[in-house]
């Protein structure tokens, strides 16, 4: 046991003594977590979705019985006011100032839309209320063409801009509700004839912040990169420099050496985990708690899985440089096609095949499910079985192919 602990201590001292290793093991995960949390940390917070929308109402001198243009304008003004204290409203409304030329305002807002400063521009045309009234009064004779676009409410949006397209969809839903209200006011809507609907919540209503979603992913990323590069580097560089030869002339056996190396990596992972949890909790307000049996078990399973990958790379690489090259090749695809940083449900089918074969995907879901962050799409046997299968495969290949001495 003393020999195993000495190997573990040596590995720890080596890992934290070298600046490059220290950067990739500790500084890099903290840096990535900080950048992503600062950029996307507001995702998932109620009241933080806000769209800048321009609105102009030309229908200010309505001659119809109902001033529908004014009704729509007042509705969007209401939506432009904060509904909850301390939270942003759904829309930040931009309207013509007193005495400003409406046409010039529309031109300016359209230019702002092209530059991405507006999500949409709503134009209520002159005669809008009268036109709506005529739709429900067929006996009224009008010289206007029914298809006249000059009297149709217009929503300007920027094609290809996700924010603009989302805002436009929301505005269309709001206007669909306005249509229903107009039908009610004109006596054309029968509540009893409407399709009955009911909203039923499935699961618990909870607020999941992006930082809570991100924190487990960053911890797994830290484990993954540490094992994927650290274990092959330790074994292969020691072999190339004929350091392992000196171990084997001592009473230390190969299994005890690997046990010491594994314990050293588990301690490194523990340090990474503690630092990231403290940063997430006190730096960005993460609320998830890892103090439970299931999250700890999944984190330990993840560490063992990634160590097995490290042994696999060490077994198929002929030199230390080739081992680092192999680690670099598989690092990015496995890390980014696993949902560590963002959900991957919307990926194309050929990329989903990689996601489903990737053990990191199942480990990420297992940790998040155990923390109550997401419901998960895989069954528990798959979440546990796929990583175990990769562990068995990696250890099986490593036990047959791993060479402990340089070729003569």
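The values are calculated or read from the model by the stated rules, or taken from the named source; none is laboratory data. Computed from a predicted structure; not experimentally measured. Cβ: placed from backbone, ideal geometry, glycine included. Neighbour counts: every protein chain shown.
Which residues, taken from the range 273-292, are part of a loop (DSSP other than H, G, I, E, B) and without any contact (Cβ under 8 Å) to a residue 24 or more places away in the chain?
291 - this is the single residue of the range 273-292 that is part of a loop (DSSP other than H, G, I, E, B) and without any contact (Cβ under 8 Å) to a residue 24 or more places away in the chain.
Across the range 9-43, what is the total count of residues that are within 17 Å of residue 273 (Cβ to Cβ) and touching a residue at least 12 places away in the same chain (Cβ under 8 Å)?
12
Out of (1) at pLDDT 80 or above; (2) under 20 Å from residue 154 (Cα atoms), the odd one out for residue 97 is which?
(2)
Run residue 270 past the list (1) in a helix (DSSP H, G or I); (2) crowded, with 17+ Cβ neighbours inside 10 Å and report the number of the one that doesn't hold.
Evaluating residue 270 over (1) in a helix (DSSP H, G or I); (2) crowded, with 17+ Cβ neighbours inside 10 Å leaves (2) as the failure.
Conditions tested, residue by residue: (1) assigned to a helix (DSSP H, G or I); (2) in contact (Cβ under 8 Å) with a residue 60 or more places away in the chain.
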| position | (1), (2) |
| --- | --- |
| 347 | no, no |
| 355 | yes, no |
| 361 | yes, no |
| 366 | yes, yes |
| 369 | yes, no |
| 373 | no, yes |
| 378 | no, no |
| 384 | yes, yes |
| 389 | yes, no |
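The rows are residues; the columns are (1) surrounded by 14 or more Cβ atoms within 10 Å (Cβ to Cβ); (2) in the same structural domain as residue 229 (by TED's automatic domain parsing); (3) within 30 Å of residue 36 (Cα to Cα).
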{"position": "324", "(1), (2), (3)": "yes, yes, yes"}
{"position": "361", "(1), (2), (3)": "yes, yes, yes"}
{"position": "371", "(1), (2), (3)": "yes, yes, yes"}
{"position": "379", "(1), (2), (3)": "no, yes, yes"}
{"position": "396", "(1), (2), (3)": "no, yes, no"}
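Each row is one residue, and each column tells you yes or no for (1) within 23 Å of the chain's Cα centre (by Cα); (2) modelled with pLDDT under 85; (3) assigned by TED's automatic domain parsing to the domain that holds residue 235.
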position	(1), (2), (3)
7	no, yes, yes
19	no, yes, yes
29	yes, no, yes
56	no, no, no
64	no, yes, no
90	yes, yes, no
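Which residues, taken from the range 337-359, are closer than 20 Å to residue 40 by Cβ and buried (at least 17 other Cβ atoms within 10 Å of the Cβ)?
Matches in the range 337-359: 337, 338, 339, 340, 341, 344.
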